[in-house]
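Below: the structure, in structure tokens.
The values are calculated or read from the model by the stated rules, or taken from the named source; none is laboratory data. What you see is a predicted model; the values in this text were computed from it and never measured. Heads up, the Cβs are rebuilt from the backbone with ideal geometry, glycines too, and the neighbour counts pull from every protein chain shown.
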Amino acid sequence: MSSPAKILVVDDTPYNVKLLADLLTVKGYTVVTAASGPEALDKVEADRPDLVLLDVMMPGMSGYEVCRKIRENSATAILPVVMVTSLDPAQERLKGLEAGADDFLTKPINQPELLARVRSLLRIKELYDTVQAQAAQLTEWNKTLEERVQEQVTQLERLGRLKRFFSPHLAELIVAGGAEDPLKTHRREVTVVFLDLRGFTAFAETSEPEEVMGVLREYHAEMGKLILDHEGTLERFTGDGMMIFFNDPVPVPNPAERAIRMAVAMRERVAELTQKWRKQGYELNFGVGIAQGYATIGAIGFEGRWDYGAIGTVTNLAARLCGEAHGGQILVSSKVAAAAENLVDAEEVGPLALKGFLKPVPAFNVLGLKSRA
């Protein structure tokens, strides 16, 4: 024990109390005393002793009654109690055990025997206290573990939901608190990329469904890798079409340059795929549209089915530019071309009359990355 054990000595004879108290004090124990049964119960409640030396014969309330009261209280049910008497040891021992006593001493007290029994019972009490403390700690750990498990389950559920829209790294960053909740409606300037396959409608009409699904599976897998590599946010894909944007939910430097680098890498990869597809009789090609501007972004849908969407003129412009792009073309708005003029070689394709736009829109075709880029 970290501090001296506390022993309660109960006896209605002052001489007996003093004798036991002096002996125990000399041995380093803390001693409290009581001269009656009711006083002893009060001291047990107030002083919380580690052991009780309890005289059997006392006026008003016997030691047996005091022992029973101690055992009836759940807080003191295991408190070591040693009965002390000058009566017939055999007869009194049985009564003491029935009352719940742990040990028995006869008067006159044999000092070495007393000290040995006290040490033995205190060791048992210390072990019990240790077990109780460990049990309480284990309970607290279990509670904490349950809370952590529930928290991790919640995070995993949220992570799984976010991974539908963002790269795994970005989803984990959001869950860890490294980014604001992207599903809340907000407004931000973004670079939007639309892409789809040229000739896909005719291909789908003339090919078996299994062939169409095989092409889409291969196409989505390759484009998905490049989206993740460039840390783009996949807003949606519908058949052969995809919409990706940059600078949300986490701002990134040079979003227009990232978008163009991704689009050029996609064009190169699709060029490899189309060679393979042509050998199988599939005439497919690839077109991209890129625009930059402000959009309102957040969760769109209803409980149980949410999508992550961006709404604004910039998304319409990127989609229209993609629709105008011929096979192999990457058409960008003038704002994107200006932001990436040091990165790419581009040619002006002239103002384009786009559906939904009152005036013709200037557009540029990305020929490739400059050699130093």
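For region 326-371: of the residues being charged (D, E, K, R) and over 46 Å from the mean Cα position of the chain (by Cα), which is surrounded by the most Cβ atoms within 10 Å (Cβ to Cβ)? Before you say what the answer is, go through the steps one by one.
Step one: of region 326-371, the residues charged (D, E, K, R) are 335, 341, 345, 347-348, 355, 359, 370.
From what's left, over 46 Å from the mean Cα position of the chain (by Cα): 345, 347-348, 355, 359.
Working: ASP345: 13, GLU347: 10, GLU348: 11, LYS355: 9, LYS359: 8.
Checking each candidate, the answer is ASP345.
Considering only residues that are over 38 Å from the mean Cα position of the chain (by Cα), in contact (Cβ under 8 Å) with a residue 24 or more places away in the chain and farther than 30 Å from GLU348 by Cα, which ones fall in region 281-325? Within region 281-325, just TYR282 meets the criteria. Considering (1) surrounded by fewer than 21 Cβ atoms within 10 Å (Cβ to Cβ); (2) modelled with pLDDT under 95; (3) more than 31 Å from the chain's Cα centre (by Cα), the lone condition that VAL264 does not fulfil carries the number (2).
Okay, residues lined up against (1) among the aliphatic types (A, V, I, L, M); (2) surrounded by fewer than 18 Cβ atoms within 10 Å (Cβ to Cβ); (3) in the same structural domain as ASP22 (by TED's automatic domain parsing):
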position: VAL82; (1), (2), (3): yes, no, yes
position: THR85; (1), (2), (3): no, no, yes
position: LYS107; (1), (2), (3): no, yes, yes
position: LEU114; (1), (2), (3): yes, no, yes
position: ARG123; (1), (2), (3): no, yes, yes
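Can you tell me which residues in region 267-278 are in contact with a helix residue (DSSP H, G or I) (Cβ under 8 Å, 6 or more places away or on another chain) and either surrounded by 18 or more Cβ atoms within 10 Å (Cβ to Cβ) or among the aromatic types (Phe, Trp, Tyr) (or both)? Residues satisfying the conditions are VAL270, LEU273, TRP277.
Among the residues of region 280-296, is there at least one that is in the same structural domain as ARG320 (by TED's automatic domain parsing), crowded, with 22+ Cβ neighbours inside 10 Å and farther than 18 Å from LEU321 by Cα? So far as region 280-296 goes, no, none of its residues is in the same structural domain as ARG320 (by TED's automatic domain parsing), crowded, with 22+ Cβ neighbours inside 10 Å and farther than 18 Å from LEU321 by Cα. Is there any pair linking a residue in region 96-121 that is on the phi < 0 side of the Ramachandran plot to one that is among the aromatic types (Phe, Trp, Tyr) and surrounded by 15 or more Cβ atoms within 10 Å (Cβ to Cβ), with Cβ under 6 Å and at least six apart or on different chains, and which? Sorted first by the residue in region 96-121, then by its partner, the pairs are GLY96/PHE104; ALA99/TYR64. Every condition in (1) touching a helix residue (DSSP H, G or I) at 6+ places or on another chain (Cβ under 9 Å); (2) surrounded by fewer than 16 Cβ atoms within 10 Å (Cβ to Cβ); (3) closer than 18 Å to ALA5 by Cα; (4) not hydrophobic (A, V, I, L, M, F, W, C) is met by THR76 except one, and the failing one is (2). Pairs meeting the criteria (first residue in region 326-348 and assigned to a loop (DSSP other than H, G, I, E, B), second residue among the basic types (Lys, Arg), beta carbons under 7 Å, at least 6 apart or on different chains) are GLY327/ARG198; GLY328/ARG267; LEU343/LYS370. Going by what's in this entry, would GLN275 be described as of a type outside the set (A, V, I, L, M, F, W, C) and without any contact (Cβ under 8 Å) to a residue 24 or more places away in the chain? So GLN275 passes the test. Among the residues of region 18-59, those that are over 23 Å from ARG71 (Cα atoms) and either of a type in the set (A, V, I, L, M) or touching a Cys at 6+ places or on another chain (Cβ under 9 Å) (or both) comprise LEU19, LEU20, ALA21, LEU23, LEU24, VAL26.
So which of VAL56, VAL32 ends up being over 17 Å from LYS125 (Cα atoms), of a type outside the set (Phe, Trp, Tyr) and in contact (Cβ under 8 Å) with a residue 40 or more places away in the chain? Steps first, answer last, please.
On the way: VAL32 fails: in contact (Cβ under 8 Å) with a residue 40 or more places away in the chain.
None of the other options fit; the residue is VAL56.
Residue-by-condition table, conditions (1) loosely packed, with under 13 Cβ neighbours inside 10 Å; (2) at pLDDT below 95; (3) farther than 27 Å from ALA337 by Cα; (4) not assigned by TED's automatic domain parsing to the domain that holds TYR282:
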residue	(1), (2), (3), (4)
PRO168	yes, yes, yes, yes
ILE174	no, yes, yes, yes
ARG188	no, yes, no, no
VAL193	no, no, no, no
ASP196	no, yes, no, no
ALA204	no, yes, yes, no
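With respect to (1) at pLDDT below 85; (2) more than 30 Å from LEU234 (Cα to Cα); (3) among the polar types (S, T, N, Q); (4) under 42 Å from the mean Cα position of the chain (by Cα), the lone exception for THR154 is condition (2).
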